[in-house]
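The values are calculated or read from the model by the stated rules, or taken from the named source; none is laboratory data. Not measured: the values here are computed from a predicted model. We place every Cβ from the backbone using ideal geometry, glycine too, and count neighbours over all the protein chains shown.
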Amino acid sequence: MHLGWSSCAYPLDAADFASVPDYAGPAIPAADLPDDEVILLVRKGEEDCLLRGREAVGAAGDGTVNVRIVFVPTIGKWNIPFAMIRSIRDKRRFKGSRVYHIAPTAIRALRVERAVRTLENPQSRSGVDRQAKMGKLEASLREHGYDDSRPIDVMLCRSRGEDSLRQGHHRISACIAFGVPRMAIRFSAAAALSPRLWKLIGRVPIRFDVLKGALESSTGQAVRRILPLGDRPVPRQVIVVPERGGRYVLNLVQDQDVTVGIARAVMLPVMVAGAIALDIAVLKTACGERSLVAWSQFALAFLSSSVMAVAALREPRGRAGYAAMAFLLLAMSVYELLRDVFDIDERAIGLTMAGLSLVFGIACATLARRTFRTGLRRIASSGGFPALPFGFVFVLGVSKLASSRVIWGALRMTEHDIRTVKHIVEESAELFGYAVIASWALSFFLERLAYRGRR
């Protein structure tokens, strides 16, 4: 059974669990569960139940008990698109069957808030008078206390595998301000992606409003603005200016996994070498027309183009820049298809595809200048961007250099052998370049999904 669990344990009122039944379903291996003393199981369409910790709940009496929430995801473990596309993930989201109670100060200490919202710093949305809504909320708390029919909603494993408050930011600040001891809380969930996947995706481009919310949650005070230092697309330092005055410099440290980097560096050459070995030893095509290498070059270029096209459809602000990159990669895939698969003159095809790509890029830059620049800027600031020019260098430079007769003329081989070796080296360099470009396109798309998932 695929299970996910909360990124932190919640100090809930022990009295809430007096009527929660114990789990009576199929046995779950202990290795599939966290080591916490008290575990609550939440499932779609079923009653919440205790997996472990009835004795600890009884011993706590009227106090609190730290509870880890385990849930059964409605999205598969490796179903990346459904888990990371917010609109699809929200449709699969389910809520627990019960409401529990927690101290508002405990929620703030857990740092699951995306931002600290107060009367002076309400969330700004067009058409909504947040100041008036906060005033009504404070008046209701003064007169009637907290209404349990309006629990705050914590979504488990929402943002990069970490729990995140979905609804209730203003209510938490108001309860803390007026000393409300307990507030109602409900848990919801949808997906629990593997931690290994987050390591493969790598870092997410810094979004300053999300960083602002994280700082407010950590420090407990509102932040007026964040100013980046330096001209880099992804700054390493920012100046934080709190609402109450003063300022301080924050150093941003990026997570880097050496093992994952080595795996990426080794995987692509191994895949290319495997395709060439199959072509030569098994298929006997020597990387020629309609060979596995030829079809792989077309497939990788077309895959990269498709990924960028989907990114253009999903992000209007960078649409023209993404579309220009998608058309360039599409032109390269058509070039590979016509040249290597159908054996059409490569010079005529190359000039035609290059001209069409140039015209399309100029049109995008002219007709949609803002989204063109935004798209290219996002591409340039992506985590794996150096891989993109590296791949183009192999496709357009190294492969052509490898086909030069000056390099191979000094070898003491027959003309047929020289032509064969030269062709294999040229096609392998191209295939490696397309593999690098495809890996960048996929990582870029996953970065953008993770970026949008944190909104």
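A single member of MET325, MET332 is assigned by TED's automatic domain parsing to the domain that holds GLU427, of a type outside the set (Asp, Glu) and over 24 Å from the mean Cα position of the chain (by Cα), and it is MET332. If you check SER403, SER439, SER443, which single one turns out to be at pLDDT 80 or above and more than 30 Å from ARG166 (Cβ to Cβ)? Going through SER403, SER439, SER443 in turn, the sole match is SER439. Among the residues making up the stretch 64-88, those that are in contact (Cβ under 8 Å) with a residue 40 or more places away in the chain and among the aliphatic types (A, V, I, L, M) are VAL65, VAL67, ILE69, VAL70, VAL72, ILE75, ILE80, ALA83, MET84, ILE85.
Identify, from the list ARG377, ARG370, the residue that is assigned to a helix (DSSP H, G or I), at pLDDT below 90 and farther than 16 Å from ALA441 by Cβ.
On the way: ARG370 fails: at pLDDT below 90.
Unique residue meeting the criteria: ARG377.
Taken together, LEU449, LEU388 contain a single residue that is under 35 Å from the mean Cα position of the chain (by Cα), outside any loop (DSSP other than H, G, I, E, B) and at pLDDT 80 or above, which is LEU388.
None of SER304, SER357 is assigned by TED's automatic domain parsing to the domain that holds ALA429, among the hydroxyl-bearing types (Ser, Thr, Tyr), within 18 Å of PHE392 (Cβ to Cβ) and in contact (Cβ under 8 Å) with a residue 60 or more places away in the chain except SER304. One residue alone among ARG54, ARG98, ARG68, ARG93 is basic (Lys, Arg), assigned by TED's automatic domain parsing to the domain that holds ILE152 and buried (at least 21 other Cβ atoms within 10 Å of the Cβ), and that residue is ARG68. Would you point out which residue out of HIS169, HIS144 is surrounded by 13 or more Cβ atoms within 10 Å (Cβ to Cβ) and farther than 19 Å from SER97 by Cα? Exactly one residue qualifies, and that residue is HIS169.
Taken over the stretch 156-171, residues that are modelled with pLDDT of 85 or more, among the basic types (Lys, Arg) and farther than 18 Å from ARG117 by Cβ amount to 0.
If only residues of the stretch 7-41 that are within 24 Å of GLY61 (Cα to Cα) and of a type in the set (Ser, Thr, Tyr) are counted, the one that is surrounded by the fewest Cβ atoms within 10 Å (Cβ to Cβ) is SER19. Which residues, taken from the stretch 414-436, are of a type in the set (D, E, K, R) and either at pLDDT below 75 or surrounded by 19 or more Cβ atoms within 10 Å (Cβ to Cβ) (or both)? Passing the criteria: GLU415, ASP417, ARG419, LYS422, GLU427, GLU430.
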